[in-house]
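Asker: The structure under discussion is supplied below as structure tokens; questions concerning it will follow.
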Ligand code: SAH
């Protein structure tokens, strides 16, 4: 059978603007367009042509956003239909086969541009999927996507959490969480590297759990064995549980400003056969807590700092760097000489060099030598498209503070 050529409305680029696309970048900014496509609605599919009229790529268009087109394929013969999405989802599933389901049954299944599906995020919690649709282009594919996800993954339910304010920029409504297919329970029991957690997919932060920290949690274990550990910004105790499981004599203090998160952390200890009363759980602002701990002369062997994003925009960057500097200084001050500091940043606009810079400033101020031991970015389930380093957000560093 001869397949018919596929065509969509056309957008054309200014001269030489196809080069970054040819290296695998998936965004076209509105300024790069010579001619916008006519007569198509936000999120409609388009073929992108070079200034000389050659096919470059195919994607979806939004006249309202700075990123005018997000690319879905570079193959002129590939239609954007159910088969296309199923194929991309299968490829994403194949990558996640690195996880042994008896050990780990929660991970990011679709990481937007990193999995060739810009605007779509899907997290897997055992048999439940939590999806976020961030763009008008993906919104138009909603039913096709849900159908493909259910069929390809064998999930028993898909929850849509389309509550991000960024949807407004795309001309989309901000929605309440809603089941898009099957049944979605209030709580889902998951395993991560053998540790047990209960996730609330409906109301939990992000999509319920910070699955982007799996590899960093595993790395923490070896430092935590039979030590006194402080987990700052603990949320539901991801790092804390791993630390406490690492040795019978380990004592963990978990600090978070959210009362439900701390309550869940306590439950997670019990769920993992740990006695919560042997550990400490505090609802507090981390900065206040650290100031107090410092005044009281508290000393820890291991300190983990995993704050929320201090900067979401370039303009907030310098304020954020100050906050990281202050946090890292305080973290080092409650660390005994020779102790281990894990420090993280999930601000996209703060790079690894910036994070290391704040550590260096803290070290100089305190006149304490710092040895860099390990550095991490995302886990394998958060792949980064090599051509789009700007989509990386997570940095984490383990160091020893003398
Ligand atoms: N380490 C966690 C994820 C941390 S996310 C894990 O592994 O799951 C950031 C956390 O910081 C959230 O739980 C949020 O409630 C908390 N938070 C935000 N600002 C805070 C503050 N000033 N003091 C304490 N906790 C804060």
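The values are calculated or read from the model by the stated rules, or taken from the named source; none is laboratory data. Remember, it's a predicted structure, so these values are computed and weren't measured experimentally. As a convention, Cβ positions derive from the backbone with ideal geometry for all residues, glycine included, and neighbour counts pool all protein chains shown.
Residue-wise test of (1) in contact (Cβ under 8 Å) with a residue 60 or more places away in the chain; (2) surrounded by 19 or more Cβ atoms within 10 Å (Cβ to Cβ).
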site	(1), (2)
46	no, yes
70	yes, yes
77	yes, no
98	yes, no
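Asker: Let me ask you something else. Quick check on residue 179: is it surrounded by fewer than 18 Cβ atoms within 10 Å (Cβ to Cβ), away from the ligand (no atom under 12 Å from the Cβ), assigned to a strand (DSSP E or B) and without any contact (Cβ under 8 Å) to a residue 24 or more places away in the chain?
Answerer: Taking the combined requirement at face value, the residue satisfies it.
Asker: So residue 310 ticks every box in (1) away from the ligand (no atom under 16 Å from the Cβ); (2) surrounded by 15 or more Cβ atoms within 10 Å (Cβ to Cβ); (3) at pLDDT below 95 but one. Which box is left unticked?
Answerer: Residue 310 satisfies every listed condition except (1).
Asker: Looking at (1) in a helix (DSSP H, G or I); (2) more than 13 Å from the ligand (Cβ to nearest atom), find the lone condition where residue 297 falls short.
Answerer: (1)
Asker: Separate question: In region 242-266, what residues are part of a strand (DSSP E or B) and within 8 Å of the ligand (Cβ to nearest atom)?
Answerer: Within region 242-266, 255, 256 qualify.
Asker: Right, another one. Hey, among the residues in region 392-402 that are surrounded by 21 or more Cβ atoms within 10 Å (Cβ to Cβ), within 20 Å of residue 336 (Cα to Cα) and touching a residue at least 60 places away in the same chain (Cβ under 8 Å), which one's nearest to the chain's Cα centre (by Cα)?
Answerer: Among them, the one singled out is 398.
Asker: Still on this model: If you take the residues of region 330-344 that are part of a strand (DSSP E or B) and over 20 Å from residue 375 (Cα atoms), which of them is farthest from the ligand (Cβ to nearest atom)?
Answerer: Ranking the qualifying residues of region 330-344, first place goes to 337.
Asker: Checking residue 263 against (1) over 20 Å from residue 212 (Cβ atoms); (2) in contact with a helix residue (DSSP H, G or I) (Cβ under 6 Å, 6 or more places away or on another chain), which test does it fail?
Answerer: Here residue 263 clears every test but (2).
Asker: Right, here's the next one. Could you please give the count of residues in region 12-40 that are touching a residue at least 40 places away in the same chain (Cβ under 8 Å) and part of a loop (DSSP other than H, G, I, E, B)?
Answerer: Of the residues in region 12-40, 4 are touching a residue at least 40 places away in the same chain (Cβ under 8 Å) and part of a loop (DSSP other than H, G, I, E, B).
Asker: Please count how many residues of region 364-377 are without any contact (Cβ under 8 Å) to a residue 60 or more places away in the chain and either out of contact with any strand residue (DSSP E or B) (no Cβ under 7 Å at 6 or more places or on another chain) or farther than 12 Å from residue 341 by Cα (or both).
Answerer: Within region 364-377, residues that are without any contact (Cβ under 8 Å) to a residue 60 or more places away in the chain and either out of contact with any strand residue (DSSP E or B) (no Cβ under 7 Å at 6 or more places or on another chain) or farther than 12 Å from residue 341 by Cα (or both) number 7.
Asker: Still on this model: Regarding residue 172, is this residue in contact with a helix residue (DSSP H, G or I) (Cβ under 6 Å, 6 or more places away or on another chain) and either buried (at least 16 other Cβ atoms within 10 Å of the Cβ) or in a loop (DSSP other than H, G, I, E, B) (or both)?
Answerer: Judged against the criteria, residue 172 is a match.
Asker: Continuing with the same structure: So residue 209 ticks every box in (1) in a loop (DSSP other than H, G, I, E, B); (2) more than 29 Å from residue 335 (Cα to Cα) but one. Which box is left unticked?
Answerer: Residue 209 satisfies all of (1) in a loop (DSSP other than H, G, I, E, B); (2) more than 29 Å from residue 335 (Cα to Cα) except (2).
Asker: Is it the case that some residue within region 47-64 is touching a helix residue (DSSP H, G or I) at 6+ places or on another chain (Cβ under 6 Å), part of a loop (DSSP other than H, G, I, E, B) and at pLDDT 95 or above?
Answerer: yes
Asker: Further, regarding this structure: For residue 320, are the conditions met, namely being crowded, with 17+ Cβ neighbours inside 10 Å, within 15 Å of the ligand (Cβ to nearest atom), in a helix (DSSP H, G or I) and at pLDDT below 95?
Answerer: Yes; evaluated as a whole, the condition is true for this residue.
Asker: Looking at region 219-236, which of its residues are more than 12 Å from the ligand (Cβ to nearest atom), assigned to a helix (DSSP H, G or I) and in contact with a strand residue (DSSP E or B) (Cβ under 9 Å, 6 or more places away or on another chain)?
Answerer: Matches in region 219-236: 219, 223, 224.
Rundown of residues vs (1) free of Cβ contacts under 8 Å to residues at least 40 places away in the same chain; (2) surrounded by 18 or more Cβ atoms within 10 Å (Cβ to Cβ); (3) under 25 Å from the mean Cα position of the chain (by Cα), yes/no style:
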site: 242; (1), (2), (3): no, yes, yes
site: 288; (1), (2), (3): yes, no, no
site: 298; (1), (2), (3): yes, no, no
site: 304; (1), (2), (3): no, yes, yes
site: 315; (1), (2), (3): yes, no, yes
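Asker: Still on this structure, I have one more. Find all pairs meeting these conditions: Cβ atoms under 6 angstrom apart; at least six residues apart or on different chains; first residue within region 125-141 and farther than 22 Å from residue 41 by Cβ; second residue modelled with pLDDT under 95 and not in a strand (DSSP E or B).
Answerer: 130/207
Asker: Of the residues 239, 269, 287, which single one is out of contact with any strand residue (DSSP E or B) (no Cβ under 8 Å at 6 or more places or on another chain) and near the ligand (Cβ under 9 Å from one of its atoms)?
Answerer: Exactly one residue qualifies, and that residue is 287.
Asker: Please go through (1) surrounded by fewer than 17 Cβ atoms within 10 Å (Cβ to Cβ); (2) farther than 30 Å from residue 91 by Cα for residue 389 and return the number of the only condition it doesn't satisfy.
Answerer: Looking at each condition in turn, residue 389 falls short on (2).
Asker: With the requirement that a residue be part of a helix (DSSP H, G or I) and within 16 Å of residue 201 (Cβ to Cβ), what does region 129-169 give you?
Answerer: Listed by number, the residues that qualify are 146, 149, 150, 153.
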